[in-house]
Every structure is written in structure tokens, then in C-alpha cells.
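*Asks:* Handing you a structure now.
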Amino acid sequence: MPERGYYYQHCGQLTPASCIFIVAFLTSYLLAGSYCSGQSNFFQPSDSLNVGRVWGVGTAAAVGTAGSIAALSTIWYTDYNKGNFRLFNDNAEWLQMDKAGHAFAGYQITQNGYEAFKWSGSNERTSLIASGAVSLTFLTAIEVLDGFSTGWGFSTGDIIANIAGTAIFTGQQLGWKEQRISIKFSYSPSEFAQFRPETLGQTSFERLVKDYNGQTYWLSANIYSLSGKPKVIPQWLNVAFGYGANGMLGGFENPMFNQQGEELPHFARVRQFFLSLDIDTRRIQTNSHFLRTLFSVVGFIKIPAPTLEIRGGQVYGHWLYF
């Protein structure tokens, strides 16, 4: 049976991959609905309640959530025994990078769901309630599957992070009617995956999802909105605060040997803090509804930019960091 850290690289760590999947799944359903109903301007949000779009979005959300959960249950759990529901405290794993990832997932799923429901012509209140419900239902169901698996357990830390990500989006919409602070993601291949590919990924895509050493999570704050919206500041310009960690070959600690019994190098497990510039692609002005949709879909990505890094008490500069 793999260690818990190995599992969390597969199922608990759904952050960028799950969001991309959900957005793609939702988009495919909406495109199908648009084709069937013969809408002439698919990407333009409806200015009133559009029953066809509401059914399309609702169906996509329901089928996407149920289908994803069923697929995860089949792919990740069928080889392992099920038992009584139990809790597991994984708050010390991966220097809390997985918790940052869960918050990111909660935020992004809620945001994309909200925009889909608004596209259908649903009002603000309905869009917020529905998108939050979809996000928390999907993410909580994953934790419940963990809870009944004998190898792992239900993580209250994950649930708190899921709720926090959803609440960050919902709270800003309620208070400001806009997103002034976004949770974003970036990734660069790390040197550490080569030492434990069975845990940190064999292929480039697996490492994107599984190697926390290469991931960075960002709070990206819009300067224009937070400074009173002065005309001299571009509406799309953000300042971003990032969190990462490296030197991690295992969840709670680094093992001394790999699966082949070979001794592994010693790496210090260190946290990283970043300060950088960013672009809020959702605020780029364009008359094209297609480009607005595209900018919205890619809005979860932190744009590469000059960056300051604090690691191990030292300050490092990067001309371009991603």
C-alpha cells in the first residue's frame, strides 16, 4: 500500500488539474447546448434569465460533479479496501502546500461556476449560492471517499481550506461586487521529482499535478481596485504574494531510501515566500465576448514576471519567475 503522501499526490491534490477539467467539462456542455439551441452569440452573457442556458449549466454542474466523483472512486479507490469512516490529521504534510492547493481549488471552482451561472442570466444571489454549492459538494465528496478508505482518512484541514477558498470568492462578491484578490497558481519543474518519481511524478504532466516542490500558490491583488481606482493605474495590473516550498521528497518527512532501497540525498525542507507583479486577465478591456471568456478561463494562471523570493532567511531576485 502506498504511503499517504503518495495518495494525496493523486486524489487529495486535485488543485490545478481538477479546475482545468471542470472548466473544460462545463465549456463542452455549454457549447453543446449552444449548438442545439442555435444561439447566435454563444459567448455573450444573457441579460435576462435564459432557461436553456440555465438547464445547460445546471446539467453540466450536476453531471460533471457526479461523473468526476464516480471516476475518482473507480480510478483511485478500487484497488484498496473500504472501512469505517475515520479522521486523519494531515495538517503537517507537505509544509501545508496541499492546503494552499485546496483553497485554490475551492476559489477557482466557485469563480468559474459563478461566471457560468451569470452567463445563463441567473441573478447574483442564485449564482453565488449555486457556485458555492457545486464547489463544496465536489470537494467534500472527495474527502468523504478518503474517510471510508482504509489507507487514508477524512481531513478536516482539507475541508477548512476548501471552505476558505470558496468563502474568499463569495465574500468579495458580497462585499465589493468584484474580485480584488484572486488565488492563482504557477508551476516550474523542480529538481526533486527525479529522486522519487513514484511519488512526485514520472511524466511532465504527473509532476505538474503531484510535485509540490514546483508549485506556487498566489494571492494576486488588483492595485487599481484596492487603491480607489485612479485613472493613472492600469485596471489589469496586480501585485502578487506567493507561497511555495521545496526540498520535499515525502509528505511529513523525507525518506532516507527510495523504493529500490537506494539512499536518497538529504534536502532541507524550506518554505518560500514571493513578491511579484501579475496581470488580471479578466480586467483586460476587449469588445470580443470570446476573448473575455478566454481571459476568464486562463485567469487562474499567475503571469511570469520579475520576482523577489525569501527562502531560508535569504532574499533572491528572479528576472522572470513562474
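The values are calculated or read from the model by the stated rules, or taken from the named source; none is laboratory data. The model shown is predicted, which means the values in this text are computed figures rather than measured ones. Positions of Cβ are generated from backbone atoms using ideal geometry, with glycine treated the same way; all protein chains shown enter the neighbour counts. Heads up: the accessible areas ignore ligands, DNA and RNA and are worked out on the full protein's heavy atoms, side chains in. Shrake-Rupley method; radii C 1.70, N 1.55, O 1.52, S 1.80 Å.
*Asks:* How would you order 215-225, 303-313 from highest to lowest mean count of nearby Cβ atoms within 10 Å? If you can, show how the numbers build up before the last one.
*Replies:* Details: 215-225: 21.7, 303-313: 14.8.
Going from most to least packed, we get 215-225, 303-313.
*Asks:* Could I ask something else about it? P(r) for segment 187-322, please, calculated from all Cα pair distances in 10 Å bins and given in %.
*Replies:* 11, 32, 29, 17, 8, 2, 0
*Asks:* Which FRET efficiency, nearest 0.05, do THR137 and GLU178 yield, Cβ-Cβ r, R0 25 Å? Write out the running numbers ahead of the final one.
*Replies:* Working: r = 25 Å, r/R0 = 1.01.
Once rounded, the FRET efficiency stands at 0.50.
*Asks:* Using a 1.4 Å probe, how large is the accessible area of VAL298, given in Å² and rounded to the nearest 10?
*Replies:* Surface accessible to solvent at VAL298 totals approximately 50 Å².
*Asks:* Using amide H atoms built in the peptide plane, which far-off residues or other-chain residues are under 5 Å from LEU264 H to H?
*Replies:* Those qualifying (amide H under 5 Å, at least 5 residues apart or on another chain) are PHE257, ASN258.
*Asks:* When ligands, DNA and RNA are left out and all protein chains stay put, how many square angstrom of accessible area per residue does segment 176-322 have with a 1.4 Å probe? Could you put the intermediate results ahead of the total?
*Replies:* Working: 7810 Å² over 147 residues.
With the other protein chains kept in place, segment 176-322 gives 53 Å² per residue.
*Asks:* Right, here's the next one. Which whole-Hz couplings ³J(HN,Hα) result when phi for each residue of segment 91-106 is put into the Karplus expression 6.51 cos²θ - 1.76 cosθ + 1.60, θ = phi - 60°, listed in order with x for Gly and Pro?
*Replies:* Calculated HN-Hα couplings, in order: 5, 8, 6, 6, 6, 6, 5, 5, 5, 4, x, 5, 5, 4, 4, x Hz.
*Asks:* Can you compute 3J(HN,Hα) from phi for each residue in segment 280-291, using the Karplus curve 6.51 cos²θ - 1.76 cosθ + 1.60 with θ = phi - 60°, rounded to whole Hz and x for Gly and Pro?
*Replies:* Running phi through 6.51 cos²θ - 1.76 cosθ + 1.60 with θ = phi - 60° gives 8, 5, 5, 9, 5, 6, 7, 8, 8, 5, 5, 5 Hz.
*Asks:* How many percent of the accessible area of segment 196-303 is carbon or sulfur, using a 1.4 Å probe?
*Replies:* On the way: 3410 of 5470 Å².
Accessible surface attributable to carbon and sulfur in segment 196-303 totals 62 percent.
*Asks:* Oh, and also: With charges set only on the Cβ (+1 for Lys and Arg, -1 for Asp and Glu), what does the dipole of segment 90-204 come to about its Cα centre, in debye to the nearest 20?
*Replies:* Numbers: 7 positive and 11 negative charges, 103 e Å.
With Lys and Arg at +1 and Asp and Glu at -1, about 500 debye.
*Asks:* Can you spot the lysines whose alpha carbon is less than 30 Å from LYS118's alpha carbon? Ignore those fewer than 8 places along the same chain.
*Replies:* Counting by Cα, and skipping residues close in sequence, LYS118 has these lysines nearby: LYS99, LYS177, LYS184, LYS229, LYS231, LYS302.
*Asks:* Now for a separate question. How far, in nm, would the chain grow between GLU262 and TRP55 when pulled straight, counting 0.36 nm per residue and subtracting the alpha carbon separation?
*Replies:* On the way: separation 207, 0.36 × 207 = 74.52 nm, distance 5.56 nm.
This chain segment gains 69.0 nm when fully extended.
*Asks:* Let me ask something else. When Lys and Arg each count +1 and Asp and Glu each count -1, what net charge do the other residues less than 10 Å away from THR156, Cβ to Cβ, add up to?
*Replies:* Details: positive: none; negative: ASP90, GLU143, ASP158.
Its environment carries a net charge of -3.
*Asks:* If I model a spin label at SER288 and PHE273 as a point 7 Å from the Cα along the Cα→Cβ vector, what separation in nanometres do I get?
*Replies:* Using points 7 Å along Cα→Cβ, the separation is 4.1 nm.
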